[in-house]
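Participant: Mind looking over this structure? Questions follow.
Nothing in this text is a laboratory measurement; each read-out follows from the coordinates by a stated rule. Computed from a prediction, not measured in an experiment: that's the story for all the values here. Note that we place each Cβ from the backbone using ideal geometry, even for glycine, and neighbour counts take in every protein chain shown.
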Ligand code: ADP
Ligand code: MG
């Protein structure tokens with residue numbers, strides 16, 4: 001990382017869910033910054049608010065208080081076009097969310113035409129180049145159901161990249177994959193990071209977190225408990241909560 005250039009500024013955000021007559025504070029005063037080209041890895045126990053946090057960054061989840069600024073534009077300002085801003089923030093989920101009735105190529109072409117207003121020819125070229133990049137050019141004409149989980153996740157990543165997002169969010173992108181395809185998808189994510197993509201990654205892959213992460217955000221109970229360089233965090237966790245978590249997972 002060279003000059004510090006914040007692309008995401010999260011300031012004291014909170015979010016409470018109300019369900020079945022009960023309230024749960026999923027995010028409790030989260031603040032952080034993600035600089036351009038940086039990889040923020042978010043880890044923490046199940047239910048700590050990791051997914052909710054990522055989802056607030058592309059407005060899939062609203063916040064009750066605090067503010068989020070993406071590349072200079074406030075997500076929460078009334079005049080902000082949230083749909084527009086969302087197209088700048090790519091998101092890859094555990095379950096790939098591909099269009100099942102469309103070919104691989106069309107999965108990547110369609111959003112380009114709808115969201116970016118690209119011509120068929122241009123969108124096709126971008127899609128082909130991206131399939132090359134994610135390592136599955138030979139699968140362009142298949143349908144999602146004919147692909148392995150790892151291959152489907154590559155399509156989902158290519159589809160997100162086709163929007164030229166300013167940041168990519170990955171929420172347990174490898175958690176639903178067969179063990180033998182996990183490594184390949186992690187490698188692809190590492191490659192994107194090496195090319196300078198700004199990323200926020202929720203993962204249970206601690207080797208990846210240490211190797212590719214620029215910073216670890218450790219969450220528990222809707223709060224940031226530790227936010228530190230990977231080696232510092234893994235070699236010398238400060239909080240009892242992080243120590244316990246690492247003992248259980250490593
Ligand atoms: P994590 O991704 O770290 O496992 P989540 O962000 O999914 O955690 O969830 C944080 C907390 O918020 C959990 O207690 C979860 O049950 C609750 N929660 C998440 N989404 C909803 C929702 N749509 N409605 C009610 N509660 C929710
Ligand atoms: Mg989650």
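Participant: Using the per-residue mean of other Cβ atoms lying within 10 Å as a proxy for protection, in what order, highest first, do the peptides 103-115, 72-84 fall?
Facilitator: Going from most to least packed, we get 103-115, 72-84.
Participant: Further, regarding this structure: Add -39500 (n - 2.57) for each DSSP H run of 4 or more in the chain, then divide by its residues: what number comes out at 222 nm, to the nearest 500 deg cm²/dmol?
Facilitator: -10500 deg cm²/dmol
Participant: Can you tell me what percent of all Cα-Cα pairs in the stretch 177-250 are more than 18 Å apart? Please report the intermediate quantities before stating the final value.
Facilitator: On the way: 1124 of 2701 pairs.
Summing the P(r) of the stretch 177-250 above 18 Å gives 42 percent of all pairs.
Participant: Run the numbers for residue 117 and residue 180: contour at 0.36 nm per residue of separation, minus the present Cα-Cα distance, in nm. Don't skip to the answer; put the middle values down first.
Facilitator: On the way: separation 63, 0.36 × 63 = 22.68 nm, distance 3.74 nm.
Full extension from residue 117 to residue 180 adds 18.9 nm.
Participant: How far apart, in nm, are two points set 7 Å out from the Cα along the Cα-to-Cβ line at residue 143 and at residue 239?
Facilitator: Each label point is offset 7 Å from its Cα along the Cβ direction, giving 4.7 nm.
Participant: Return the percentage of antiparallel bridges among DSSP beta bridges fully within the chain, rounded to the nearest 5 %.
Facilitator: In the chain, DSSP labels about 60 percent of beta bridges as antiparallel.
Participant: Next question, about the same structure. Compute the angle between helix 179-194 and the longest alpha-carbon principal axis of the chain, please, reported from 0 to 90 degrees and rounded to the nearest 10.
Facilitator: Result, in degrees: 90.
Participant: Expressed as an acute angle from 0 to 90° and rounded to the nearest 10, what is the orientation of the C-alpha long axis of helix 149-161 relative to the principal long axis of the chain?
Facilitator: Computed tilt is about 90 degrees.
Participant: Moving on. Under 20 °C and 1.002 mPa s, how fast does the chain diffuse according to Stokes-Einstein, given a Kirkwood radius computed over C-alpha pairs? Answer in µm²/s, whole number.
Facilitator: For the chosen part, D equals 114 µm²/s.
Participant: Still on this model: By how many degrees, between 0 and 90 and to the nearest 10, does the Cα long axis of helix 104-115 differ from the longest principal axis of the chain?
Facilitator: Once rounded, one gets 70 degrees.
Participant: Relative to the present Cα-Cα distance, how much length would full extension add between residue 223 and residue 62 at 0.36 nm per residue of separation?
Facilitator: On the way: separation 161, 0.36 × 161 = 57.96 nm, distance 1.70 nm.
Extra length available between residue 223 and residue 62 comes to 56.3 nm.
Participant: If you don't mind, another one. Note down the nm distance, to one decimal, between modelled labels 7 Å out along Cα→Cβ at residue 24 and at residue 73.
Facilitator: Calculated label separation equals 3.2 nm.
Participant: Still on this structure, please answer the following. Highest first, please rank the peptides 168-181, 150-163, 129-142, 210-223 by the mean number of other Cβ atoms sitting within 10 Å of their residues.
Facilitator: Put in order of decreasing packing, that is 150-163, 210-223, 168-181, 129-142.
Participant: In which sequence would 60, 250, 98 go, from the one with the fewest C-beta neighbours within 10 Å to the one with the most?
Facilitator: Going from sparsest to densest Cβ surroundings: 250, 60, 98.
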